[in-house]
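Below you'll find the structure, written out as C-alpha cells, and then a few comments.
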Amino acid sequence: MPTQLQIMISDCPDDQAAALLRVLAQADLYIDWMEECPVQSDELHIGHAFYTHHTADGESPSDLGHLMIEAAPGASFTAWTDPNEDYLGLLVRYTPELGRHDAECDANGAAVFTEDEIMRALTGWRAGIRALVGSAWTEALTGHTVERTIVIPVEA
C-alpha cells in the first residue's frame with residue numbers, strides 16, 4: 001500500500017553534493033510539501049525536508065537510502081515513510097561514522113519497536129537498548145545540522 005516518503009539531509013561533503021542531488025532528483029522529490037518546488041539540479045539544501053508529492057511504497061527509504069549512500073558516502077541523512085493500515089513506516093538513518101540504522105517508525109519518523117525486540121535488547125541492557133533504538137544515530141543527526149545550500153558548478 002503506498003505511503004508518504006520524507007528525507008532530511010543533515011550534512012554532505014561539497015564534492016559529493018552533485019551526485020546526491022542527482023539521486024534526489026531522480027526520486028521526484030520536492031523541497032516544500034505545500035508548494036510545487038521540485039529538487040533543482042544546481043542546489044542541495046542541507047537541513048531542509050524533502051518530500052514526495054506522490055505516494056511511495058513502504059520500501060522506498062531502504063531503496064533510496066542505498067542509492068544515497070552509494071552516491072554520497074560522506075553524507076548524513078534520515079529517510080522515512082509514514083505507516084499505513086497494512087504496516088508501520090520504515091526509518092533509515094545514516095552517518096559515515098556510524099553506518100546505517102533501519103527500524104520501523106511512526107508518521108513522525110520516530111522508531112517503533114516490538115516487545116520481543118525490546119526484551120532482546122534488555123539482555124545487554126544499556127548497550128542493547130542504545131543499539132536497538134539507534135541512540136548514536138539520534139545523537140549524531142539531531143541538533144547538529146547547519147542549514148546551508150550547496151551550489152553545484154555547471155560543469156558537475
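The values are calculated or read from the model by the stated rules, or taken from the named source; none is laboratory data. The structure presented is a predicted model; accordingly, all values stated were derived computationally and were not measured. All Cβ positions, glycine included, derive from the backbone under ideal geometry; neighbour counts span all protein chains shown. Ligands, DNA and RNA are stripped out before the accessible areas are found, and what is left, the full protein with its side chains, is counted by its heavy atoms. Shrake-Rupley method; radii C 1.70, N 1.55, O 1.52, S 1.80 Å.
Scanning segment 1-44 for residues that are open to solvent by less than 40 Å² (accessible area, probe 1.4 Å), among the hydrophobic types (A, V, I, L, M, F, W, C), part of a strand (DSSP E or B) and modelled with pLDDT of 90 or more yields a count of 2. Just to be sure before I move on: is residue 75 among the hydrophobic types (A, V, I, L, M, F, W, C), closer than 14 Å to residue 11 by Cα and buried (at least 19 other Cβ atoms within 10 Å of the Cβ) in the structure I sent? Yes; evaluated as a whole, the condition is true for this residue. Checking 149, 114, 138, 145 one by one, the residue that is open to solvent by less than 100 Å² (accessible area, probe 1.4 Å), farther than 25 Å from residue 18 by Cα, within 18 Å of the chain's Cα centre (by Cα) and of a type in the set (Ser, Thr, Tyr) is 138 and no other.
Considering (1) touching a Leu at 6+ places or on another chain (Cβ under 9 Å); (2) open to solvent by less than 40 Å² (accessible area, probe 1.4 Å); (3) closer than 30 Å to residue 31 by Cα, the lone condition that residue 99 does not fulfil carries the number (1). The numbered conditions (1) without any contact (Cβ under 8 Å) to a residue 60 or more places away in the chain; (2) more than 13 Å from residue 7 (Cβ to Cβ); (3) among the aliphatic types (A, V, I, L, M); (4) touching a helix residue (DSSP H, G or I) at 6+ places or on another chain (Cβ under 9 Å) are all true for residue 91 except (2). On the stretch given as segment 121-152, residues that are in contact (Cβ under 8 Å) with a residue 12 or more places away in the chain and more than 15 Å from residue 103 (Cα to Cα) total 11. May I ask you to say which residue of 84, 108 is in contact (Cβ under 8 Å) with a residue 12 or more places away in the chain, part of a loop (DSSP other than H, G, I, E, B) and surrounded by fewer than 19 Cβ atoms within 10 Å (Cβ to Cβ)? Of 84, 108, the one residue that is in contact (Cβ under 8 Å) with a residue 12 or more places away in the chain, part of a loop (DSSP other than H, G, I, E, B) and surrounded by fewer than 19 Cβ atoms within 10 Å (Cβ to Cβ) is 84. Among residues of segment 64-79 that are touching a residue at least 60 places away in the same chain (Cβ under 8 Å) and among the hydroxyl-bearing types (Ser, Thr, Tyr), those with a beta-carbon under 9 Å from a residue that is open to solvent by less than 30 Å² (accessible area, probe 1.4 Å) and in a loop (DSSP other than H, G, I, E, B) at least six positions away or on a different chain give the pairs 76/12; 78/109. Only a single item in (1) more than 18 Å from the chain's Cα centre (by Cα); (2) part of a helix (DSSP H, G or I) is not met by residue 70, and it is number (1).
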